[in-house]
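The values are calculated or read from the model by the stated rules, or taken from the named source; none is laboratory data. Since this is a predicted model, take the numbers as computed values, not measurements. No Cβ is skipped: glycine too gets one built from the backbone with ideal geometry, and neighbour counts run over all protein chains shown.
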Amino acid sequence: MKIWKLSLYITKLVYDITAKKEFTDYFLKDQMRRAVVSISSNIVEGTEKSNNNELIRYLKIAKGSAGELRNQTIYC
């Protein structure tokens, strides 16, 4: 799935950025990492479900996590 691969790429970027010494807000670092991992995890979980309604539900959750991450980047 193309979107899943993109979410893995973004996960690596977030981990790389938050691993830098200048990034000292540990609470924000943890929240950003949780949100970005949630994106790819929910995409995978939704695709493993047996019906489209469940897939859509999990994709909406992933979208919410992406919005959360987008908001958190404002503070960086």
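Within the stretch 12-35, residues that are hydrophobic (A, V, I, L, M, F, W, C) reach partners that are in a loop (DSSP other than H, G, I, E, B) and surrounded by fewer than 13 Cβ atoms within 10 Å (Cβ to Cβ) with beta carbons closer than 6 Å, at six or more positions or on different chains, in the pairs LEU28/TYR75. Taking the criterion of being surrounded by fewer than 13 Cβ atoms within 10 Å (Cβ to Cβ) and among the hydroxyl-bearing types (Ser, Thr, Tyr), the only residue of the stretch 26-39 that qualifies is TYR26. Candidates in the stretch 1-37 are the residues that are of a type in the set (Ser, Thr, Tyr) and touching a helix residue (DSSP H, G or I) at 6+ places or on another chain (Cβ under 7 Å); of these, the one that is farthest from LEU55 (Cα to Cα) is THR18.
Step by step: first the residues of the stretch 9-22, then only those that are surrounded by 14 or more Cβ atoms within 10 Å (Cβ to Cβ) and at pLDDT 95 or above, then the one that is farthest from ILE61 (Cα to Cα). Which residue is that? The selected residue is TYR15.
Of all residue pairs spaced 6 or more apart or on separate chains, those with beta-carbon atoms under 8 Å, a first member in the stretch 60-74 that is under 14 Å from SER40 (Cβ atoms) and of a type in the set (S, T, N, Q) and a second member that is at pLDDT 95 or above and crowded, with 16+ Cβ neighbours inside 10 Å are SER65/ALA35; SER65/VAL36; SER65/SER38; SER65/ILE39; SER65/ASN42.
Conditions (1) modelled with pLDDT of 95 or more; (2) exposed (fewer than 14 other Cβ atoms within 10 Å of the Cβ), marked per residue:
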site	(1), (2)
THR24	no, yes
GLU48	yes, yes
GLU54	yes, no
ILE61	yes, no
